[in-house]
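Beneath this line is the structure, given in structure tokens, with notes to follow.
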Amino acid sequence: MADGEPIEVEAFYHYGYRGRDMIAIRAPFAMSTDSEIIGRRVLVGNTAHRVRGVFRQISGPIQKGEPIGVEVDERD
């Protein structure tokens, strides 16, 4: 799990999915797997959130700027 400075992201909206706290964001960088962002913190406005999971409509690599849903830990 990588700590350090949170990654600033462009967020669209917060939502709930199957009891999870989610935020729709633009992927801040290209990723070959979802695990590259899981465990890291993202900065939405002035609030940092720890990413617990990634949910998408499609499979395969994630492109920079692609809309993705991230499950966040609101307690962090």
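Laboratory data are not the source of any read-out in this text; all were calculated from the coordinates shown. Keep in mind the model is a prediction, meaning the values are calculated, not measured. Cβ placement follows ideal geometry from the backbone for every residue including glycine, while neighbour counts extend to all protein chains displayed.
Under a Cβ-only charge scheme (Lys and Arg +1, Asp and Glu -1), can you give me the dipole magnitude of the chain about the Cα centre, in debye to the nearest 20?
200 debye
Could you grab the relative contact order for the chain? Cα pairs under 8 Å, six or more apart, rounded to a whole percent.
35 percent
By its C-alpha gyration tensor, with a ≥ b ≥ c as the square roots of the eigenvalues, how is the chain shaped: rounded for a/c under 1.5, else prolate for a/b larger than b/c, else oblate?
Rounded shape, in that the Cα axes give a/c under 1.5.
How far apart, in nm, are two points set 7 Å out from the Cα along the Cα-to-Cβ line at Ala48 and at Glu10?
2.4 nm
Roughly what would the spin-label model give for Gln63 and Arg20, points 7 Å off Cα along C-beta, in nm?
Distance between label points: 2.3 nm.
Show me the ranking of peptides 37-48, 14-25, 56-67 by mean Cβ neighbours inside 10 Å, starting with the highest.
37-48, 14-25, 56-67
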